Amino acid sequence: MAANLRLPPLPSVRDLIKLYRLQARKQLAQNFLMDERLTNKIVRQAGDMKGLQVLEVGPGPGGITRSIMRKGPEKIILVEKDKRFQPTLEILNEAFATVNGKMDIFYDDIMQFDFNKIFSEELKREWDDESPKIHIIGNLPFNVSTPLIIRWLHDISEKRGAWALGRVRMLLTFQKEVAERLVAQPNGSQRCRLSVMAQAWTRPKLRFIIPGRAFIPEPDVDVGVVTFDPLKTPRTDHDFKFFEKITRHLFSFRQKYSLACVKTLFPYEYQNDLGLMMFKLSDLDPTTRPIELTIEDMHRLASAYKYLLEKHPQIKDYNYRDSAKVLPKSYTKAISVAEIDDE
Ligand code: SAM
């Protein structure tokens, strides 16, 4: 199918919203994009769509969907939670069919959505090959996009869900501050657990910022458009949950030495010795600040922790949150700070 497809004439998104009385629902954090130049600019970040199967999450009234359709992918799969959008999405489905485009629409919650059999099996690529001809696109509510990217990073690490078919690329929007965190490098003021987890398994790129005023209704924040390319070789080979635990502890006190953070991994009586031992084994300076650490540094600390767990199995189930009840007051105070800093 040719790129920049000519679609049959369609009523504008604005008119369809009026016609079907599709007021944005606050509880679903709905904010719509009506400006075609902007939706085209977003979709352009996904590159050429010839022969692609594109899954769009949260199409709403279909502004971004139209821009995807014009790029002429082989198939579009829509996952929308709010069934009120059915009439507008059906109009798009019919229009796409007239130019031989295929569209599947699911009225479902993306958090429960099963990727099994959604894309054609023949699109499957080996992990080390180029990305399969599949792209995931979504302008989602902020309360959905962050837990969703964490879940999908986990799926990428396990090569399951959509990533059972290879290194499927994504284009997603986030609140501007979250987008900046996702791409923050060591020493950046926004560097945090999310930066490390995203960059350990993918190459996230902040493409551009959409001002809040471009949405209807206007949200209080600006929005960042981020693309993610899963890495052929992840920057850690630790298990996702295990690496996340170390990262969470390492960012428990942003302004202190990393040693103070690492100590929260161990029961009070072991924390000095084992904390220092972790840095010795990793060949790292314990006075390094957490935001200075690279992903490779974190990987070495995680390997050291794993080694210490094997040597001292009694510390395996230690949980600093539970221990707050029995520890000295000064330590309990530190723990509550760590909890507040937890994203
Ligand atoms: N993509 C449209 C646009 O850019 O104008 C709508 C964006 S609006 C911010 C988010 C959309 O995601 C809404 O249509 C909402 O109903 C949908 N949505 C919210 N939570 C969802 C979920 N868990 N699964 C699927 N869709 C969801």
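Some values worked out for this structure:
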{"read-out": "Candidate set from segment 221-278 (those that are aliphatic (A, V, I, L, M) and in contact with a Pro (Cβ under 7 Å, 6 or more places away or on another chain)); member that is surrounded by the fewest Cβ atoms within 10 Å (Cβ to Cβ)", "value": "Leu276"}
{"read-out": "Tally, over segment 133-149, of residues that are touching an Asp or Glu at 6+ places or on another chain (Cβ under 9 Å) and away from the ligand (no atom under 16 Å from the Cβ)", "value": "1"}
{"read-out": "Pair list, Cβ under 6 Å, 6 or more apart: segment 125-143 residue open to solvent by 30 Å² or more (accessible area, probe 1.4 Å), other residue away from the ligand (no atom under 16 Å from the Cβ)", "value": "Arg125/Pro132; Arg125/Gly166; Asp128/Lys232; Lys133/Gly51; Lys133/Leu52; Lys133/Leu123"}
{"read-out": "Condition check for Ile91: closer than 25 Å to Asp155 by Cα, more than 22 Å from the chain's Cα centre (by Cα), within 16 Å of the ligand (Cβ to nearest atom) and of a type outside the set (S, T, N, Q)", "value": "no"}
{"read-out": "Which listed residue is without any contact (Cβ under 8 Å) to a residue 12 or more places away in the chain, open to solvent by 10 Å² or more (accessible area, probe 1.4 Å) and either of a type outside the set (Gly, Ala, Ser) or away from the ligand (no atom under 16 Å from the Cβ) (or both), from Arg193, Arg213, Arg181", "value": "Arg213"}
{"read-out": "Every pair of residues 6+ apart whose Cβ atoms lie under 8 Å, when the first sits in segment 269-298 and is part of a loop (DSSP other than H, G, I, E, B) while the second is surrounded by fewer than 12 Cβ atoms within 10 Å (Cβ to Cβ)", "value": "Arg289/Gln255"}
{"read-out": "Meets criteria (in contact with a strand residue (DSSP E or B) (Cβ under 7 Å, 6 or more places away or on another chain), touching a residue at least 12 places away in the same chain (Cβ under 8 Å) and more than 11 Å from the ligand (Cβ to nearest atom)) for Ile76", "value": "yes"}
{"read-out": "Strands (runs of 3 or more DSSP E) lying entirely in segment 1-109 (those with 2 or more residues that are in contact with a helix residue (DSSP H, G or I) (Cβ under 6 Å, 6 or more places away or on another chain) and open to solvent by 30 Å² or more (accessible area, probe 1.4 Å))", "value": "102-107"}
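A quick yes/no check of all residues on (1) touching a Ser or Thr at 6+ places or on another chain (Cβ under 9 Å); (2) over 13 Å from Trp201 (Cα atoms); (3) within 16 Å of the ligand (Cβ to nearest atom):
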{"residue": "Asp108", "(1), (2), (3)": "no, yes, yes"}
{"residue": "Ile118", "(1), (2), (3)": "no, yes, yes"}
{"residue": "Ser131", "(1), (2), (3)": "no, yes, no"}
{"residue": "Arg151", "(1), (2), (3)": "no, no, yes"}
{"residue": "His154", "(1), (2), (3)": "no, no, no"}
{"residue": "Arg160", "(1), (2), (3)": "no, yes, no"}
{"residue": "Leu171", "(1), (2), (3)": "yes, yes, yes"}
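The values are calculated or read from the model by the stated rules, or taken from the named source; none is laboratory data. Since the model is a prediction, treat every value here as computed from it, not as a measurement. Methodologically, a virtual Cβ is constructed for each residue, glycine included, from the backbone with ideal geometry; neighbour enumeration extends over all protein chains shown. The accessibility values were calculated without ligands, DNA or RNA, using every heavy atom of the protein model including side chains. Shrake-Rupley method; radii C 1.70, N 1.55, O 1.52, S 1.80 Å.
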